[in-house]
Amino acid sequence: MNNPYKDKRWFKILSNKYIWVSLFFIVWMTFLDNYSYFDHRILDKEINELRENKEYYQQEIKKDKEHIQQLHNSEQVEKYAREKYYMKKDSEDIYIIEFEGDSITKNDPN
């Protein structure tokens, strides 16, 4: 029995064991392995998100340090207490004015 395709180029390529082993290795590493290509993509996305979070929190820490430095001044402490906690002197009256767009809670139409 002679194989009629034995002399064809595509048959020689497909019958090569190194091609099959390489193909198996590529499929295994791409889809089936614990450290597959798709798992690496997901992990890379998580790393990028964590880096962005790190930058955000570093900026927030810098802002908080500036606020803390300002609170070392007694005038700034008084200003902060008046604005945030609505504290007042005994001889003063405080009026809180809220506009429609300034409210924290939104009215839910449902």
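Things to note:
- Flag if residue 69 is polar (S, T, N, Q), part of a helix (DSSP H, G or I) and open to solvent by 100 Å² or more (accessible area, probe 1.4 Å): yes
- When residues of the range 1-22 are limited to those that are among the hydroxyl-bearing types (Ser, Thr, Tyr) and in a helix (DSSP H, G or I), the one nearest to the chain's Cα centre (by Cα): 22
- Tally, over the range 23-57, of residues that are in a helix (DSSP H, G or I), open to solvent by less than 100 Å² (accessible area, probe 1.4 Å) and not aliphatic (A, V, I, L, M): 8
- Qualifying residue in the range 91-101 (condition: among the hydrophobic types (A, V, I, L, M, F, W, C), touching a helix residue (DSSP H, G or I) at 6+ places or on another chain (Cβ under 9 Å), open to solvent by less than 100 Å² (accessible area, probe 1.4 Å) and over 30 Å from residue 10 (Cα atoms)): yes
- Scanning the range 1-22 for residues that are open to solvent by less than 90 Å² (accessible area, probe 1.4 Å) and closer than 29 Å to residue 42 by Cα yields a count of 1.
The values are calculated or read from the model by the stated rules, or taken from the named source; none is laboratory data. Note that the structure is a prediction, hence the values are computed from the model and not measured. Don't worry about glycine lacking a Cβ; one is built from the backbone with ideal geometry, like all the others, and counts go over all protein chains shown. Side chains are part of the model used for accessible areas, which takes the heavy atoms of the whole protein and leaves out ligands, DNA and RNA. Shrake-Rupley method; radii C 1.70, N 1.55, O 1.52, S 1.80 Å.
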